[in-house]
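Report on one structure; see the data block that follows.
The values are calculated or read from the model by the stated rules, or taken from the named source; none is laboratory data. On a predicted model such as this, the values are computed, not experimentally measured, just so you know. Heads up, the Cβs are rebuilt from the backbone with ideal geometry, glycines too, and the neighbour counts pull from every protein chain shown.
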């Protein structure tokens, strides 16, 4: 082997290693501080609404709460759009994970949207259901607690995921 080739070989291998070190398999959408900030605001506003309603409500006083419901629901819709607008990466790693899950009889990862977008949509559904129930018949203290628990479960999932992306 010529001497020149011996000097180039380590250089070529170094180049190849550096090239592959730059390749990262992204499994999650990019972090967006605006989504986390809005999610924190929505969490605060929803807990404030639940606190105000904790003793139960009657349909007669629904108009006192309607603006708060509408504001919260509007923010949730906007937040859901923001969260869904981030591209979710599709790559070989995700495909391999789905193949492993499928081989084990477990459902595939839904890569059409981020987990936080799904959780936000569930919070929206819950708040809409609570608003409709409150408007029609009012809600008891037990129903308020049930709605709150449902929102807390999904809000926790969304906040945990978005804070994880921040890392």
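So that you can scan it fast, the table gives a plain yes or no per residue for (1) surrounded by 10 or more Cβ atoms within 10 Å (Cβ to Cβ); (2) part of a helix (DSSP H, G or I); (3) at pLDDT 85 or above:
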{"position": "5", "(1), (2), (3)": "no, yes, no"}
{"position": "12", "(1), (2), (3)": "yes, yes, no"}
{"position": "43", "(1), (2), (3)": "yes, yes, yes"}
{"position": "74", "(1), (2), (3)": "yes, yes, yes"}
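Residues that are over 20 Å from residue 42 (Cα atoms) and surrounded by 13 or more Cβ atoms within 10 Å (Cβ to Cβ) within the stretch 133-142 comprise 133, 135, 137, 138, 139, 140, listed in sequence order. In this entry, residue 19 is excluded by the filter for residues that are assigned to a loop (DSSP other than H, G, I, E, B) and modelled with pLDDT under 60.
Do we find that residue 127 is out of contact with any helix residue (DSSP H, G or I) (no Cβ under 9 Å at 6 or more places or on another chain) and at pLDDT 95 or above in this structure? For residue 127, the condition - out of contact with any helix residue (DSSP H, G or I) (no Cβ under 9 Å at 6 or more places or on another chain) and at pLDDT 95 or above - is not met. Residues that are free of Cβ contacts under 8 Å to residues at least 60 places away in the same chain and in contact with a helix residue (DSSP H, G or I) (Cβ under 8 Å, 6 or more places away or on another chain): does the stretch 133-142 have at least one? Yes, the conditions are met somewhere in the stretch 133-142. Considering (1) at pLDDT below 55; (2) surrounded by 10 or more Cβ atoms within 10 Å (Cβ to Cβ), say which one residue 53 fails and leave the rest. Failed condition: (1).
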